Every structure is written in structure tokens, then in C-alpha cells.
Amino acid sequence: NLSTVSEFVFVGLSDAPEIRLLLFVLFLLIYLATMAGNITLLLVISSDSHLHSPMYFLLSNLSLLDLLCPTITMPKMLGALLLEHKKISFSGCLFQHFSLIAVVGTEIFLLTVMAYDRYVAVCHPLRYPSIMSTKLCAQLAAGTWATGLLNSLLHTSLVFTLSFCGPNKIQQYYCDIPPVLALSCSSTHSRELVILVVAGVLGSSACVVTVVSYIYILLEILARNSPGIWHKAFSTCGSHLTVVCLFYGTTICTYVRPSFTYSPHWDRVVSMLYGMLTPLLNPIIYSLRNKEVKCALKRVISRV
């Protein structure tokens with residue numbers, strides 16, 4: 001009596017019509033603000049020659065990822081809230097899952113590259129132009145995208161080659177690893193172990209590189225002990241460090257843990273933090289805390 005699942009159904013954030021409309025308006029405003037903030041940051045970086053440097057090249061890649069991340073999940077969620085269209089085909093779920101994991105993985109690796117960039121800027125300022133050359137920046141950016149795509153391909157193949165022949169209600173507003181695994185009618189232990197190990201190794205490696213970079217930055221600051229060095233270093237690294245803490249904390253809580261600890265309600269809250277809040281806050285953090293970006297934005301506005 002078992003049949004193969006051909007479509008999945010998202011369990012909405014709320015079934016009450018008045019709450020759904022309120023949530024629709026709230027999330028639509030968040031999505032539009034996220035799009036506006038990241039598009040503005042991309043336009044400012046591309047149009048102002050003062051920002052054509054390795055740091056801002058990497059930042060433009062981050063803004064592009066922050067455009068893609070909510071675009072993968074939020075239109076479907078908004079449609080479910082407004083039109084109650086909660087179904088997604090098996091292939092659509094697979095594509096959404098692959099795209100989201102690719103973007104999230106790429107962003108983790110990109111933040112690691114940005115930490116290395118800040119290390120070179122603080123610890124080797126005179127050699128910074130030669131070390132962080134245009135060629136190396138392009139290679140590092142391409143490497144983060146390639147690694148994110150390969151990582152997503154592995155995770156997606158492990159999840160969607162399982163058998164789905166029973167319940168098809170996903171306890172989430174998009175196709176994520178834990179809720180999709182929970183619907184499989186075949187044994188998932190071995191694949192969960194592989195996913196956990198791969199995510200743990202890649203995530204911890206990226207985290208270690210980031211932490212080591214900031215340890216060297218801290219040691220360099222303590223060694224110099226010159227007036228104003230703390231303020232300069234914080235203005236250089238503060239924005240990136242804030243984004244790293246916010247993004248790493250939420251993604252690690254979601255993915256680097258066994259599935260028996262999966263909690264639908266808690267995971268919805270955490271996924272909203274890295275899927276909606278982080279892409280919204282990143283351009284704000286980098287623009288409000290960065291004097292060069294603010295000056296460039298003023299120049300672009302004055303030209304317009």
C-alpha cells in the first residue's frame with residue numbers, strides 16, 4: 001500500500017487567516033528590504049572606483065549570496081501565506097534544497113576567505129596589495145563557489161536518493177535537510193553520519209581558519225600597542241566579526257547535529273535568523289560601520 005511521494009506539503013507558519021496576512025506583510029517587507037539593501041551595496045561597490053579592492057570584491061560576493069539565499073525560500077513561503085499554496089513537487093524540492101545548501105555553504109567559505117583577507121590587511125599591510133592580488137581574489141572567490149556547489153551536490157544526492165513513500169508533510173517552510181530526512185521510509189543512519197561528518201569537517205575547518213586569523217590579528221594589535229590601533233583594527237574587522245558570529249552560530253545550530261535532536265518549532269526560528277535576518281543585516285552592518293562605504297554611497301547619491 002506504499003506509493004512513492006511525488007510532491008511535498010509545507011507545514012505553514014500559521015493556519016489562522018488573520019495571522020497569515022500579518023506574517024505575509026511582515027516577511028514581504030523583510031524580503032524587499034533585503035533586496036534593496038544588497039542591490040544598493042552591489043551598485044555602490046561596482047560604480048565607485050574607491051571600492052575596487054579585494055575586501056569589497058569579496059563583500060560584493062557576500063551581497064550576491066545574500067540576494068540568493070532569501071530568494072530561494074521566501075517567494076514560496078509568501079505564496080503559502082497568501083494563497084495557501086503549500087505544495088511543492090519532488091523535483092522542485094530537490095532544486096530548492098540544492099540551491100539553498102550551495103548558497104549557505106558558499107557563504108561559510110566566503111566568510112573564511114574574508115577573515116584571511118582581514119588578517120593580511122592588519123598583519124601585513126605593506127604586502128597586502130601583492131598578497132591579495134586580483135588573480136588570487138578571483139581564484140579564492142571561484143573556489144568558495146565551487147566548494148559550496150560540490151558540498152551541496154553531495155548532501156542533495158545523499159538525501160534525495162532515499163525512499164519517500166509515506167508522509168509528505170515537511171515541518172518547515174522550505175526543503176531543508178532535517179525535515180526531509182524525517183520523512184524518509186528507509187534507514188537514514190549511515191547517510192546522516194556522512195552528512196554530519198562532512199558538514200562538521202568543512203564547518204569546523206572554516207571556523208578554525210577564521211578563529212586563527214583573528215588570533216593573529218589580536219596578537220599583532222597587542223604587539224604594536226600604538227595609539228588608536230584598537231579603533232583602527234575594530235573598524236577594519238568589526239563588521240566581518242559581527243556577521244561571522246551571527247551566521248556561524250545559526251547555521252551550526254541547524255546542520256551540525258544529529259537528526260534525533262531535530263525540533264520543528266525551534267528549527268523554524270533558527271532558520272529564519274540565517275535565512276532572513278542575516279541577509280537583511282549584512283548590508284546594514286557593512287554600510288553603517290564602514291566609513292568608505294558611507295562616503296561612496298554619498299558620492300553615488302550626489303551623482304544621481
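Worth pointing out:
- If you go through segment 185-204 and keep only what is touching a residue at least 24 places away in the same chain (Cβ under 8 Å) and more than 17 Å from residue 101 (Cα to Cα), you end up with 185, 186, 188.
- Which listed residue is open to solvent by 60 Å² or more (accessible area, probe 1.4 Å) and modelled with pLDDT of 85 or more, from 42, 29: 29
- Scanning segment 2-14 turns up one or more residues that are among the hydrophobic types (A, V, I, L, M, F, W, C), open to solvent by less than 30 Å² (accessible area, probe 1.4 Å) and in a loop (DSSP other than H, G, I, E, B).
- Cβ-Cβ contacts under 9 Å between residues 6 or more apart (or on different chains), taken from a first residue in segment 33-52 that is without any contact (Cβ under 8 Å) to a residue 12 or more places away in the chain to a second residue that is open to solvent by 60 Å² or more (accessible area, probe 1.4 Å) and assigned to a helix (DSSP H, G or I), are listed as 52/46.
- Residue within segment 206-219 that is within 25 Å of residue 113 (Cβ to Cβ), touching a Ser or Thr at 6+ places or on another chain (Cβ under 9 Å) and modelled with pLDDT under 85 present: yes
- Verdict on residue 79 being open to solvent by 10 Å² or more (accessible area, probe 1.4 Å) and touching a His at 6+ places or on another chain (Cβ under 7 Å): yes
- Contact map, segment 63-85: first residue among the aliphatic types (A, V, I, L, M), second residue part of a helix (DSSP H, G or I) and open to solvent by 60 Å² or more (accessible area, probe 1.4 Å), Cβ cut-off under 8 Å, separation 6 or more or different chains; pairs are 67/39; 81/21; 82/21.
- For segment 72-174, the helices (runs of 4 or more DSSP H) that sit wholly inside it and include 3 or more residues that are at pLDDT 90 or above, under 20 Å from the mean Cα position of the chain (by Cα) and not charged (D, E, K, R) are 90-123, 134-160.
- Per-region count, segment 280-296, residues more than 18 Å from the chain's Cα centre (by Cα) and open to solvent by 60 Å² or more (accessible area, probe 1.4 Å): 5
- Entry remark, segment 163-190: residues being surrounded by fewer than 16 Cβ atoms within 10 Å (Cβ to Cβ) and over 27 Å from residue 27 (Cα atoms) number 9 in total.
The values are calculated or read from the model by the stated rules, or taken from the named source; none is laboratory data. No experiment lies behind these values; they were computed from the predicted model shown. We place every Cβ from the backbone using ideal geometry, glycine too, and count neighbours over all the protein chains shown. These accessible areas exclude ligands, DNA and RNA; they are computed on the full protein's heavy atoms, side chains included. Shrake-Rupley method; radii C 1.70, N 1.55, O 1.52, S 1.80 Å.
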